[in-house]
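So the structure is just underneath, and the comments pick up after that.
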Amino acid sequence: MTIDVGKFRKAKMMKQLAFRQVDVFTAIPFRGNPVAVVFDGDSLAAQQMQAIANWTNLSETTFVCAPRDSSADYRLRIFTPKRELAFAGHPTIGSAHAVLEHGIRPKTAGRLLQECDAGLVALAIENGRLFLTLPRPSMQEIDTEQTAALAAALGIGARQVREKAIVDVGVSWVTLQLADADLVRGLRPDLARIAALTPGDAAGVTVFGLVPPCGQSQVEVRSFAPRDGIPEDPVCGSGNGCVAALVRRAKLPGAGGYVASQGGCVGRDGRVEVRYGDDGTIQLGGHAVTCVEGRLTAP
């Protein structure tokens, strides 16, 4: 056998980047939503980042870079398998967990400040949990015709849709409250129709229903983003942020704060804690746990 020494040396010289895969919104490995976190992101071009995100095939892959804003602790670039995002919830929390494990010390005790394309995102560090403060939400109404089409794509009747809006919290989702949590769990959506009905820059469709009292959670959530190559996001931070904004606007039970469950329909068991500030802010967060740690060879 002949060894190509040139190729061998080139392989050895390829850049090796620190890498973690973190499960978010759970303290139990393999029960939350994974995010791949790659360090030394400044050494990669955007097309390399996109290639890595396509390879990991997770809902999001992030790249930790040096901040441009002197007040930030780090800058984050976030990619789905198909495109870059300005902001996303579970990657923000998972990356913050990885950053702390990697040894980056916050400039302010008990708080991280992340820079991303959506701006600066503050994260509170509390007893092993991380809480991010969402960007201020904006809403666009959904008309009767859109509602009927979306309901049909979900396999339900329009009368089973309660509150509805396109909500933007740095990422926008078509956000629908359904009649109850059981209806949410039982959905069998037509993903091709969901993709076709997803408007503009919206990530997809997030649905939620209220859980009867006395459960471990108060809201059941599911998020579908087939246009981005994500049939169902196991536990979606930005989708839960949009739900939180709609819950508060409609003054639904839980408008003082609640716990949402998500992921049961895809074999996960995520928990998202939602808190409302007196100043109109929304915080969401929970636990995160590292499942994989190693080094990644840059393409």
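The values are calculated or read from the model by the stated rules, or taken from the named source; none is laboratory data. All values derive from a computational prediction rather than experimental measurement. Quick reminder, even Gly has a Cβ in these numbers, built from the backbone with ideal geometry, and neighbours come from all protein chains shown. Note: accessible area is taken over every heavy atom of the protein model, side chains too, but ligands, DNA and RNA are not part of it. Shrake-Rupley method; radii C 1.70, N 1.55, O 1.52, S 1.80 Å.
Each of the peptides 126-133, 28-35 was scored by the mean count of other Cβ atoms within 10 Å over its residues; in descending order, highest first, they stand as 28-35, 126-133.
Working note: 222 nm ellipticity from helices only, DSSP H runs with n ≥ 4, each -39,500 (n - 2.57), summed and divided by the residues of the chain, gives -7000 deg cm²/dmol to the nearest 500. The residues of the chain present an accessible area of 44 Å² per residue when probed at 1.4 Å with all protein chains retained.
Our coupling estimate for the stretch 188-203, obtained by passing each phi through the Karplus curve with A = 6.51, B = -1.76, C = 1.60 and θ = phi - 60°, is 10, x, 8, 5, 5, 6, 4, 4, 5, 8, 6, x, x, 8, 4, 6 Hz, Gly and Pro reported as x. Based on Cα contacts under 8 Å between residues 6+ apart, the stretch 182-299 shows a relative contact order of 18 percent.
Modelled this way, with points 7 Å down the Cα-to-C-beta line, the labels at Met14 and Thr297 are 0.3 nm from one another.
Working ranking of peptides 188-200, 254-266 by packing, defined as the average number of other Cβ atoms within 10 Å per residue, highest first, is 254-266, 188-200.
Close amide-amide hydrogen proximity is noted between Lys15 and Ala298, each under 5 Å apart and 5 or more residues distant or on a separate chain (H modeled in the peptide plane; Pro and chain starts excluded).
Packing, taken as the mean count of other beta carbons within 10 Å per residue, orders the peptides 57-67, 103-113, 281-291 from highest to lowest as 57-67, 281-291, 103-113. Measuring nothing but protein heavy atoms, the accessible surface of the chain at 1.4 Å probe radius is 51 percent carbon and sulfur. Other residues with beta-carbon under 14 Å from the beta-carbon of Pro253 carry, at +1 per Lys or Arg and -1 per Asp or Glu, a net charge of +1. Within the set (i) 59, 42, 41; (ii) 68, 47, 32; (iii) 48, 45, 42, the number that Cα extents along the principal axes in Å takes when calculated for this structure is listed as (ii).
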